[in-house]
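*Asks:* If you scroll down you'll find the structure; I have some questions about it.
The values are calculated or read from the model by the stated rules, or taken from the named source; none is laboratory data. Because the structure is predicted, anything quoted here is derived from the model rather than measured. Reconstructed Cβ throughout: ideal geometry from the backbone, glycine too, with neighbour counts over all protein chains shown. Calculation scope for accessible area: heavy atoms of the full protein, side chains included, ligands and nucleic acids excluded. Shrake-Rupley method; radii C 1.70, N 1.55, O 1.52, S 1.80 Å.
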Amino acid sequence: MRNPEQPTFDEEFDEAVAEWRDKHRLQEDDAVMLLVELFRIHQRHWDEIRRREIPSFEQFRADLAKLLEAARTFQGQTTALLEVLRSHPPAHRGARITRAAAIFATIAGLLAGYLIGRGWP
């Protein structure tokens, strides 16, 4: 779908060729006019190849709009999840080791190591 504000280069080219032909008094079946026609065929061919290989900007714009919408949805869901997580207290408390238990375990480990070292031949 073409934008109506976009200039039509084919019409401009036809006008320029007609002016050039009138200026140099060339006939329609002149060799130079045949070369101009060959150029137009060549140009249409390469334009078609370019259109096939390069995606249209409309498709690119639509993909960007989808990506933007997905990002907004993700951001909204993430914000909602963070609010829910902040409002709930932690489900369990981490295991806490008292200082006395740590000192007792250290002394027991040292004593066991000493006894194993003394009893090992």
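*Asks:* Output the number of residues of the range 10-34 satisfying the condition of being surrounded by 10 or more Cβ atoms within 10 Å (Cβ to Cβ) and assigned to a helix (DSSP H, G or I). Before the answer, list the steps.
*Replies:* Taking the range 10-34 first, the residues surrounded by 10 or more Cβ atoms within 10 Å (Cβ to Cβ) are 10, 12-21, 26, 30, 32-34.
Among the residues that remain, those that are also assigned to a helix (DSSP H, G or I) are: 10, 12-21, 32-34.
The qualifying residues number 14.
*Asks:* Out of the range 35-60, which residues are under 16 Å from D10 (Cα atoms) and either open to solvent by 70 Å² or more (accessible area, probe 1.4 Å) or in contact with a His (Cβ under 6 Å, 6 or more places away or on another chain) (or both)? Before you say what the answer is, go through the steps one by one.
*Replies:* Filtering the range 35-60 for residues under 16 Å from D10 (Cα atoms) gives 36-48.
Residues satisfying the conditions are E37, L38, F39, I41, H42, Q43, R44, H45, W46, E48.
*Asks:* Assess whether L82 counts as being hydrophobic (A, V, I, L, M, F, W, C), free of Cβ contacts under 8 Å to residues at least 60 places away in the same chain and not in a helix (DSSP H, G or I). Give the derivation first.
*Replies:* Details: hydrophobic (A, V, I, L, M, F, W, C): yes; free of Cβ contacts under 8 Å to residues at least 60 places away in the same chain: yes; not in a helix (DSSP H, G or I): no.
No.
*Asks:* Quick one: how many residues across the range 61-83 are more than 20 Å from the chain's Cα centre (by Cα) and either β-branched (V, I, T) or under 22 Å from D10 (Cα atoms) (or both)?
*Replies:* 2
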